Amino acid sequence: MEIILSQFLAIRPRRMRKDDFSRRLMRENVLTVNDLIYPVFVLEGEGKIEEVKSMPGVQRQSIDVLLKTAKECVKLGIPALALFPVVAQEFKSLDAKEAYNPEGLVPRTVRALKQAFPELGVITDVALDPYTTHGQDGLIDDTGYVLNDETVEVLVKQALCHAEAGADVVAPSDMMDGRIGAIRDALEDSRFIYTRIMAYSAKYASAFYGPFRDAVGSAGNLGKSNKYNYQMDPANSDEALKEVALDIEEGADMVMVKPGMPYLDIVRRVKDEFGVPTYAYHVSGEYAMLKAAAQNSWLDEKACVLEAMLGFKRAGADGVLTYYAMDIARWLKE
Ligand SMILES: NCc1[nH]cc(CCC(=O)O)c1CC(=O)O
Ligand SMILES: [Mg+2]
């Protein structure tokens, strides 16, 4: 018989994998409930629950129902919710002024959540897409081009409105240039010195946002137009580092990469380069893919979701925004 291995194979990586105890001892990354941020959709009304068709298991909830969900999150130990409003057509306009209405859906939800569960972190989305008739994240000119500086002025009002309502974290997801600095200045000026900014710094123009746009009802308004002139080109990586550097300089406390799984290389580069609190958004389309496969019994849902989350951790993410947050928190308790 031919000998293909030396008689004394000194290095055998499989030794450490042989038993559970040594596998556990060498485990480099661990997922805990502290890594989870739960994105939720809120809508007007009372006792209202609407299923999101393209995201089975995800619902739009009125404030009273959302409070029950929030209570469950607190019990599970989930650190924070990310709030997304479903805004009725009649409140959408070209100037998006509902975005900074202190009696709007978001500020009312924030007040209700903070009053009931002061320890639960509340993150609000700063962008105009729920409030514009055309579904773009900013104000547009006659040609439909999304204007930068004019939009930033409105985003500042929106962020202040959220901070006044008690939001712990404002999260600009619009990708306008200079908005982090402008929002930080305004927050400091108004003495909201503890309001954290989670910057969607490297947000790509992704097709994986499709189900989210159904959930908030902006898909119809957006029609065939796209967000290519402000969200990033999926082909780029160096550009993400430039965007993150700017946001940190302008006063971001946390930076984010979005989407998640197809962009883990970006998460790793950002974490290595800057070493700041770094988050990834496991977006609606990623949720939908896993859910659809699970519903067909093509994938083991729990095993695949937990493996996906470990991938985020391995890539360097300090936390993940995921629609699976409540399921994961329960699985981790089992
Ligand atoms: N400012 C909009 C916004 N905030 C979060 C998401 C996507 C989240 C998801 O897909 O889960 C989007 C969609 C978009 O940019 O069109
Ligand atoms: Mg930027």
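The set of residues in region 190-205 being more than 16 Å from ligand 2 (Cβ to nearest atom) and either under 15 Å from Gln158 (Cα atoms) or crowded, with 20+ Cβ neighbours inside 10 Å (or both) consists of Ser190, Phe192, Thr195, Arg196. Every test in (1) away from ligand 2 (no atom under 16 Å from the Cβ); (2) surrounded by 17 or more Cβ atoms within 10 Å (Cβ to Cβ); (3) closer than 27 Å to Glu72 by Cβ; (4) modelled with pLDDT of 95 or more is passed by Tyr131 save one, and that test is (3). Taking the listed residues Arg17, Arg60, the one that is over 30 Å from Thr109 (Cα atoms) and surrounded by 11 or more Cβ atoms within 10 Å (Cβ to Cβ) is Arg17, with no other qualifying. Looking across Ala159, Ala167, Ala163, Ala127, one residue alone is touching a helix residue (DSSP H, G or I) at 6+ places or on another chain (Cβ under 7 Å), in contact (Cβ under 8 Å) with a residue 40 or more places away in the chain, of a type in the set (Gly, Ala, Ser) and closer than 22 Å to Arg196 by Cα. It is Ala167. Counting the residues of region 217-242 that are closer than 18 Å to Arg268 by Cβ and among the small types (Gly, Ala, Ser) gives 3. Scanning region 207-233 for residues that are surrounded by fewer than 22 Cβ atoms within 10 Å (Cβ to Cβ) and within 16 Å of ligand 2 (Cβ to nearest atom), we see that the one that is farthest from Glu44 (Cα to Cα) is Asp233.
Among the residues of region 231-239, is there at least one that is closer than 18 Å to Leu139 by Cα and within 16 Å of ligand 1 (Cβ to nearest atom)? Yes, some residue in region 231-239 is closer than 18 Å to Leu139 by Cα and within 16 Å of ligand 1 (Cβ to nearest atom).
For region 266-291, the candidate set comprises residues that are free of Cβ contacts under 8 Å to residues at least 40 places away in the same chain and of a type outside the set (Phe, Trp, Tyr); within that set, the residue that is surrounded by the fewest Cβ atoms within 10 Å (Cβ to Cβ) is Gly275.
Among residues of region 302-311 being over 30 Å from Arg196 (Cβ atoms) and touching a residue at least 12 places away in the same chain (Cβ under 8 Å), the one that is farthest from ligand 2 (Cβ to nearest atom) is Lys302. Residue pairs whose Cβ atoms lie under 9 Å apart, separated by 6 or more positions or on different chains, with the first residue in region 187-208 and under 20 Å from Val283 (Cα atoms) and the second within 15 Å of ligand 1 (Cβ to nearest atom) and modelled with pLDDT under 95, are Ala205/Asn226.
Please work out if Val74 is in a loop (DSSP other than H, G, I, E, B), among the aliphatic types (A, V, I, L, M) and out of contact with any strand residue (DSSP E or B) (no Cβ under 8 Å at 6 or more places or on another chain). Judged against the criteria, Val74 is not a match.
The values are calculated or read from the model by the stated rules, or taken from the named source; none is laboratory data. Please read all numbers here as calculations on a predicted model, not as lab measurements. Quick reminder, even Gly has a Cβ in these numbers, built from the backbone with ideal geometry, and neighbours come from all protein chains shown.
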